[in-house]
Amino acid sequence: MASESHESEHPSVTLFRRYLRIRTVHPDPDYGAAVAFLEERARELGLGCQKVEVAPGFVVTVLTWPGTNPKLSSLLLNSHMDVVPVFKVPGGREEAEGRGPPFPQNHPHDLCA
């Protein structure tokens, strides 16, 4: 994983970049790879991992990190894995503002999600 990181980048950012590289763009998202990535992180951290197939080929993945005080309220963080494709539009905002592609990520501090 070290070869994938930018200089002085926090390991969590490098890990997030790995997750963002998983092809979850429509019309053919690779949900299996995204779920496998989350399962591996759960194993590394000793978290519970539950998968629920809500429709054929569509899995909801729930990672559970128990707190130290069961009397306290729970916290739920929710996200989705799939994205829609991004296309550069001739005459669009990027071109009008003299910018390059929508998500360049070529600078150590660039991270678009």
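Quick notes on this one:
- Here the stretch 14-47 is the region considered, the condition is being touching a strand residue (DSSP E or B) at 6+ places or on another chain (Cβ under 9 Å) and basic (Lys, Arg), and the residue that is farthest from residue 84 (Cα to Cα) is 43.
- Unique match (being hydroxyl-bearing (Ser, Thr, Tyr) and modelled with pLDDT under 90) among 73, 12, 8: 8
- From the list 63, 47, the one residue that fits, being modelled with pLDDT of 90 or more and in contact with a helix residue (DSSP H, G or I) (Cβ under 6 Å, 6 or more places away or on another chain), is 63.
- Selection status of residue 25, surrounded by 11 or more Cβ atoms within 10 Å (Cβ to Cβ) and in contact with a Lys or Arg (Cβ under 7 Å, 6 or more places away or on another chain): no
- Only residues that are at pLDDT 80 or above and either over 20 Å from residue 45 (Cα atoms) or not hydrophobic (A, V, I, L, M, F, W, C) (or both) were counted in the stretch 76-95, giving 4.
The values are calculated or read from the model by the stated rules, or taken from the named source; none is laboratory data. The structure presented is a predicted model; accordingly, all values stated were derived computationally and were not measured. FYI the Cβ positions are ideal-geometry reconstructions off the backbone, even for glycines, and counts take in every protein chain you see.
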